[in-house]
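Peer 1: If you scroll down you'll find the structure; I have some questions about it.
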């Protein structure tokens, strides 16, 4: 209450001082009033500071709890943060594992397990999404049954992996290599018949000049090729059928050759 009265008095004196100051003959009175207003304002500030100090010192008595009860709040908040952080990390880890499993499943469903190239399912999907012009190369390792009969299926698998690697290095970045089945592979080229035939010839030469290095030693292999181009009215299946016919002609003509069919 004392603080409030002092404040009001200071304000009144300040206003009165301003009013009287407007009359020049009463300069002495004006100065006295200003001095009184100043000291009253100073007293107000000192009393207010004292009042605040008492309020702060009496906090423990005015509230039904002690400030000391909050001493462990920081550590509790840190512990809660750690629990939330690990819970969030665990959630993200679980999501990453699920995404990884889905990726592995998707990859395994479109990739040949033995050679690592696209499988027949991936080939069919790719052809269904491919627009003309495109050509198909069907290829087959010559006398592969003899390799299996002579060296065993384990060595035969090594030859298949070698064949896939050589073909993959010989085709262009935009071409798709897929294992069609057994020792038969397919390349889809987004190009004309003539360009695809050149790709097939490059593959044939690379296979012939690079013997397969296996656990049974180096085994020289060759392959036969059939090439067909998409024509108006064709379906992917009809192009494959013509490429397969060309492959059959290559085998009939002595193997280790490239045949095209228009």
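The values are calculated or read from the model by the stated rules, or taken from the named source; none is laboratory data. Everything quoted here is computed from the prediction, not taken from an experiment. Glycine also receives a Cβ, built like all others from the backbone with ideal geometry; neighbour counts cover every protein chain displayed.
Condition check ((1) modelled with pLDDT of 95 or more; (2) closer than 13 Å to residue 186 by Cβ; (3) not assigned by TED's automatic domain parsing to the domain that holds residue 175) across all residues:
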| residue | (1), (2), (3) |
| --- | --- |
| 214 | yes, no, no |
| 227 | yes, yes, no |
| 231 | no, no, no |
| 250 | yes, no, no |
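Peer 1: Only strands (runs of 3 or more DSSP E) wholly contained in segment 114-200 count here; list those with 2 or more residues that are surrounded by fewer than 21 Cβ atoms within 10 Å (Cβ to Cβ), more than 28 Å from the chain's Cα centre (by Cα) and not assigned by TED's automatic domain parsing to the domain that holds residue 246.
Peer 2: Numbers: elements: 135-141, 176-181, 184-189.
Hits in segment 114-200: none.
Peer 1: Here is a further query. Please go through segment 185-216 and give me each residue that is free of Cβ contacts under 8 Å to residues at least 12 places away in the same chain and touching a strand residue (DSSP E or B) at 6+ places or on another chain (Cβ under 6 Å), ordered by number.
Peer 2: Hit for segment 185-216 is 211, nothing else.
Peer 1: What do you reckon, is residue 239 part of a helix (DSSP H, G or I), within 27 Å of residue 110 (Cα to Cα) and in contact with a strand residue (DSSP E or B) (Cβ under 6 Å, 6 or more places away or on another chain)?
Peer 2: Working: part of a helix (DSSP H, G or I): yes; within 27 Å of residue 110 (Cα to Cα): yes; in contact with a strand residue (DSSP E or B) (Cβ under 6 Å, 6 or more places away or on another chain): yes.
Taking the combined requirement at face value, the residue satisfies it.
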